[in-house]
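Structure first, commentary second.
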Amino acid sequence: MASTVYYTATSLDGFIADRDGSLDWLFRQEQDGSGQLGFDAFLPRIGAVVMGSTTYEWVLAQGVDPWPYHVPTWVLSTRELPRVDGDVRFARGDVRTVHQEMVAVAGERDRWVVGGGELAGQFADAGLLDEVIVTIAPVTLGGGAPLLPRTLDLHLEELERTGGFAAARYTVTGPPRAG
């Protein structure tokens, strides 16, 4: 069964970008995309992608050409953003509508919430986030964009070493139950 997955990297202290919005810290680390939880195994599972405007602008700033995602990609934003060649669809509002469209086009393949943490949180709030796969970098940042600024209950499914990173896959079991 296809899942909606937040797949990302984080610093050991829980940030996906530093205080300046940079990911330079991530690319200085020893990486290995192989293995069950590695990026090389994850990417072929994906049938649709969703990201926020900050992530989209970061991808564009890297000078990628052509557009790196070969599946339909939704960008959630309240702003007008530059367009690129590729199947990029702009949306605003409730993530439920985008999720329905992603399910329709992805079929049996998974849906990837690329980033950021707030967007993944919106999917979680709507009960649409099934898994969190996080690779934990051997670095602390002391602040920045949080991994997932929500309170969620998760169940650890598997752990793996991927280069210098620790990778963990969790299923989302729901918001915490009142005590």
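Taking Rh as the Kirkwood radius, which is the inverse of the mean 1/r over Cα pairs, what is the Rg/Rh value for the chain?
Values: Rg = 15.6 Å, Rh = 16.7 Å.
Ratio of gyration radius to Kirkwood radius: 0.94.
Please check which bits of the stretch 37-51 a label hung off R161 would reach, taking the label as a point 7 Å along Cα-to-C-beta and the cut-off as backbone N under 20 Å.
Residues 37-41 fall inside that zone.
Grab the Cα-Cα distance for Q100 and D40, subtract it from 0.36 nm times how many residues apart they are, and report the gain in nm with one decimal. Write down the numbers at each step before the final one.
Numbers: separation 60, 0.36 × 60 = 21.60 nm, distance 2.63 nm.
Length gained, Q100 through D40: 19.0 nm.
Quick one: which residues, 5+ away or cross-chain, put their amide H under 5 Å from the amide H of A9? H built at 1.01 Å from N.
Placed amide hydrogens put T135 under 5 Å from A9.
If each residue's Cβ is checked for other Cβ atoms within 10 Å, how do Y56, Y69 rank with the fewest at the top?
Working: Y56 22, Y69 19.
Result, fewest neighbours first: Y69, Y56.
Taking θ = phi - 60°, what integer Hz values does the Karplus form 6.51 cos²θ - 1.76 cosθ + 1.60 yield along the stretch 47-59, in sequence order, with x for Gly and Pro?
3J(HN,Hα) across the stretch 47-59, in whole Hz: x, 7, 10, 9, 8, x, 5, 5, 5, 4, 5, 5, 4.
Rank by packing, highest mean first: peptides 82-93, 98-109, with packing defined as the count of other Cβ atoms within 10 Å averaged across residues.
On the way: 82-93: 13.0, 98-109: 16.0.
Listed from highest to lowest mean packing, they are 98-109, 82-93.
Given the convex hull of the Cα atoms of the stretch 48-106, what is a quarter of its surface area in nm²?
Values: hull surface 14.9 nm².
Mean shadow area of the hull around the Cα atoms is 3.7 nm².
Once you put a point 7 Å from the Cα of Q29 and another 7 Å from the Cα of S77, both along the Cβ direction, what distance in nm separates them?
2.7 nm
Test of understanding: what is the full-extension gain from T171 to R19, defined as 0.36 nm times their sequence separation minus their Cα-Cα distance?
Result: 51.9 nm gained on full extension.
We did not get these values from a lab; they are worked out from the coordinates using the rules stated. Please read all numbers here as calculations on a predicted model, not as lab measurements. Reconstructed Cβ throughout: ideal geometry from the backbone, glycine too, with neighbour counts over all protein chains shown.
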